Amino acid sequence: NANEISTYSFRNIKILTIQKFGNKYLIPTKYMLSQQTIDALRKPTFDVWLWESNEMLSCLEHMYHDLGLVKDFNINPITLKRWLLCIHDNYRNNPFHNFRHCFCVTQMMYSMICLCNLQEKFTQVDILILMTAAVCHDLDHPGYNNTYQINARTELAVRYNDISPLENHHCAVAFQIFSQPDCNIFANFDPEAFKQIRQGTITLILATDMARHGEILDSFKQKVDNFDFTNEEHVTCLKMVLIKCCDISNEVRPMEVAEPWVDCLLEEYFMQSDREKAEGLPVAPFMDREKVTKPTAQIGFIKFVLIPMFESVMKLFPQIEEVMVQPLRESRDRYEELKQIDDAMNEKKKSENLTMGGKKK
Ligand SMILES: *[C@@H]1O[C@H](CO)[C@@H](O)[C@H](O)[C@H]1NC(C)=O
Ligand SMILES: [Zn+2]
């Protein structure tokens with residue numbers, strides 16, 4: 001019965017083995033980062049494909065140490081390791097929304113913190129919120145988007161009344177994980193500090209729902225020309241835009257790093273559209289394997305979503321133009337050339353088909 005509401009319970013949070021990290025000498029040297037890796041990690045040019053999970057975990061751990069978060073907030077370094085491992089175990093193996101995507105978003109956040117000297121503008125609480133929201137922002141993503149959840153009336157949509165069901169779920173899973181003492185990096189925080197981190201993290205994760213893109217960007221544009229780093233509302237809005245930038249920042253990366261992500265995203269889209277067809281639900285043309293190509297998928301997104309958002313952030317941080325906006329413009333130009341080639345080939349095929357059809361008769 002399609003209208004039946006089943007009881008929803010959280011997917012069990014995976015508990016991890018603790019002994020593994022009880023003794024630091026048990027950590028294989030392979031997961032010790034070289035100075036070269038540590039330096040490269042600070043830039044958007046970092047090759048996110050070279051690393052297996054344990055190496056990405058070491059990188060994330062390094063970022064928390066390097067930003068001074070472990071020291072300033074008295075985070076237990078072993079709890080940090082356990083928390084990250086638990087985070088890893090609670091991302092699913094989707095084509096796109098997987099642990100490597102979590103790593104990419106967090107690494108881009110770290111790059112922006114370094115590039116824009118955000119530690120001079122923000123408090124360490126803000127930096128902790130930005131990093132932690134990035135790490136947690138797609139936890140337990142099922143690989144099918146909000147529209148699917150709502151149209152298919154899934155347990156998640158029912159639980160969250162169709163209001164950003166996925167983002168609410170990612171965030172709830174994040175705080176389920178923090179509720180386990182072994183994984184609670186905030187264990188040493190006083191209740192007021194925890195409240196602040198929790199509120200900030202919720203706000204940022206919920207801001208990653210692309211259905212709110214226009215609303216959030218408009219609100220930022222209203223503030224950017226008179227931006228005030230002492231105004232809490234301004235700072236919150238900037239943090240929301242920053243996590244949004246990082247979440248969809250693949251095209252900022254070098255072409256060789258960025259392009260495979262498009263295949264991953266299309267694979268996930270096709271999985272959804274195939275299921276929507278099978279279940280008689282509406283299908284979006286940009287997710288349909290019969291209709292979409294890599295260039296058509298990317299051109300509009302880069303021109304109308306990515307470039308306008310990064311250009312408005314550029315007003316506050318002009319240093320991102322060369323490092324982030326220019327690569328976006330180059331990617332747009334490259335995909336436009338690829339589309340022209342695709343179009344020319346399709347024209348040729350069409351006329352060949354016409355000639356062949358003529359001969360047969
Ligand atoms: C989610 O999927 C639907 C098709 O079911 C599509 O119309 C919508 O644009 C998608 N949303 C995003 C953010 O990709
Ligand atoms: Zn994401």
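Bear in mind these aren't lab numbers, they're just calculated from the coordinates by the rules spelled out. Just so it is clear, the model here is predicted, and its values are computed rather than measured. Cβ atoms come from the backbone with ideal geometry, glycine included; neighbour counts cover every protein chain shown.
So here's what we get for this one:
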item: Theoretical gain in end-to-end length, ASP89 to ILE341 [0.36 nm per residue, Cα-Cα removed]; result: 86.5 nm
item: Counted charge near SER53, where neighbours are those whose Cβ lies closer than 10 Å (Asp, Glu -1; Lys, Arg +1); result: -2
item: Per-selection Kirkwood Rh - the range 84-127 (Cα, Å, 1 d.p.); result: 11.9
item: Cα-Cα separations in the range 134-256 greater than 16 Å, expressed as whole percent; result: 68
item: Whole-number percent relative contact order across the chain, with pairs defined as alpha carbons under 8 Å at least 6 apart; result: 17
item: Pairwise Cα inverse-distance average, inverted: Kirkwood Rh of the range 231-326 (Å); result: 15.2
item: Projected label distance in nm at MET32 and LEU354, using a 7 Å step from Cα toward the beta-carbon; result: 6.9
item: GLN319 versus LYS71: modelled label distance in nm, points set 7 Å from Cα along the beta carbon direction; result: 2.0
item: Chymotrypsin sites (Phe, Trp or Tyr not before Pro) restricted to the range 37-103 and DSSP loop, no more than 12 other C-beta within 10 Å; result: TRP49
item: Inter-probe distance in nm under a simple model that places probes 7 Å from Cα toward Cβ, at GLU330 and ASN231; result: 3.6
item: Computed E for GLU120/GLU52 - FRET, C-beta separation, R0 25 angstrom, nearest 0.05; result: 0.15
item: Computed over the range 154-224: relative contact order in percent, which uses C-alpha pairs under 8 Å that are six or more apart; result: 30
item: In sequence order, calculated HN-Hα J values of the range 143-154 (Karplus, 6.51, -1.76, 1.60; Hz; x Gly/Pro); result: x, 10, 7, 4, 4, 4, 4, 6, 5, 7, 6, 6
item: Reference-scaled alpha-carbon Rg (2.2 N^0.38 Å with N residues) for the chain; result: 1.07
item: Computed P(r) (all Cα pairs; the range 284-361; 10 Å bins; percent); result: 17, 32, 25, 15, 7, 4, 1
item: Euclidean distance of C-alpha centroids, the range 140-165 and the range 325-353, integer Å; result: 35
item: Estimated Rh, the range 75-149: Kirkwood, alpha-carbon pairs, angstrom; result: 13.6
item: Calculated [θ] (222 nm, deg cm²/dmol) that DSSP helices of n ≥ 4 give over the chain, each run adding -39,500 (n - 2.57); result: -18500 deg cm²/dmol
item: Candidates THR123, THR147, THR293: whichever shows maximal mean-square fluctuation once the chain is modelled as a Gaussian network with Cα springs under 10 Å; result: THR123
